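The structure appears below as structure tokens.
The values are calculated or read from the model by the stated rules, or taken from the named source; none is laboratory data. What you are looking at is a predicted structure, and each value in this text was computed from that prediction instead of being measured. Counting neighbours? That spans all protein chains shown, and the Cβs are built from the backbone with ideal geometry, glycine included.
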């Protein structure tokens, strides 16, 4: 093991690449996982999450690059490396015709848990995963939530240092999702946990650190709070006033800290609305209020919204939605359009990116 950013590194992924023909499912991926934390491995469907996890756990081989688990290379020292890993694939690897106890005992034999320790360890694991009351039932007769818990139980047999979970909440109902989140947090008290998902709320609810992957590449690695700070830009205001679009456009153009804006018709002929994006750290609400009051334009509605973690995810992965031609006008550079080009459905934009 080595130290990384002040902690003990349990997993090192270096320049990992996996190709299927000309398609790179994983493309030169590198990251580290430290001891005692819950990591979220996040990305849209097809981003390469499951492929990466299958390589990390030794299920498939990489085209190039390396993975070290607790200092052991997964390809060169697979037995030692795999002993440090508990793995729950997206589909729990359970045998439906076995009882829960039979299956977990079978897993303990495969993982070479000592006979004298086996019964006590399995009892503790079943209590921890809350499946003691179904230990004598056939797995095929269990609900989806209980089968998932049995999958968690097999992953922690042998007391591995790292537990890797691939889409652990797929197909669960809201109550089951809350139960599994609680279980993951409990497991993290004694294990380092890494879970993959394409659902942001799952990851942000339980994880200390988030790795975001897109098209096989790592695009971000930070805490949820750090990602928000990293991508924090200006504020977006939603404004509705009594008055004309032309007058509102004139007022907005004279406010320095506005990055861009879009003006549209209101719900009735007396009103118009604007979506305004400001530069970072700018708060234009007071100036906007006074200018509108001086122009005798009452504010009917003013709302403020900042980027959510969902917005950060979409922007980093290039999945952000663009306005459709038949839904709204694009944001354009206001300085390039002439007065003759302006219409009642005018869309104007100052220079700036967001």
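Here are some notes:
- Among residues that are in the same structural domain as residue 51 (by TED's automatic domain parsing), more than 21 Å from residue 34 (Cα to Cα), part of a loop (DSSP other than H, G, I, E, B) and in contact with a helix residue (DSSP H, G or I) (Cβ under 8 Å, 6 or more places away or on another chain), residue 150 is not included.
- Take the conditions (1) at pLDDT 90 or above; (2) assigned to a loop (DSSP other than H, G, I, E, B); (3) exposed (fewer than 13 other Cβ atoms within 10 Å of the Cβ); residue 250 misses just one of them, which is (2).
- Failed item in (1) in contact with a strand residue (DSSP E or B) (Cβ under 6 Å, 6 or more places away or on another chain); (2) part of a loop (DSSP other than H, G, I, E, B), with residue 195 passing the rest: (2)
- Among the residues of the range 194-217, those identified as more than 8 Å from the chain's Cα centre (by Cα) and either surrounded by fewer than 21 Cβ atoms within 10 Å (Cβ to Cβ) or closer than 22 Å to residue 173 by Cβ (or both) are 195, 196, 205, 206, 207, 208, 209, 214, 215, 217.
- Selection status of residue 39, crowded, with 16+ Cβ neighbours inside 10 Å and farther than 27 Å from residue 199 by Cβ: no
To keep it simple, each residue is scored yes or no on (1) touching a helix residue (DSSP H, G or I) at 6+ places or on another chain (Cβ under 7 Å); (2) outside the structural domain of residue 42 (by TED's automatic domain parsing); (3) at pLDDT below 90.
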{"position": "137", "(1), (2), (3)": "yes, no, no"}
{"position": "175", "(1), (2), (3)": "no, no, yes"}
{"position": "180", "(1), (2), (3)": "yes, no, yes"}
{"position": "183", "(1), (2), (3)": "yes, no, yes"}
{"position": "193", "(1), (2), (3)": "yes, no, no"}
{"position": "211", "(1), (2), (3)": "no, no, no"}
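- Only listed residue being within 16 Å of the chain's Cα centre (by Cα), touching a residue at least 12 places away in the same chain (Cβ under 8 Å) and surrounded by fewer than 18 Cβ atoms within 10 Å (Cβ to Cβ), chosen from 173, 222: 222
- Boolean, residue 100 is in contact (Cβ under 8 Å) with a residue 60 or more places away in the chain and touching a helix residue (DSSP H, G or I) at 6+ places or on another chain (Cβ under 6 Å): no
- Residues being surrounded by 17 or more Cβ atoms within 10 Å (Cβ to Cβ) and under 28 Å from the mean Cα position of the chain (by Cα) are represented in the range 91-107 by at least one member.
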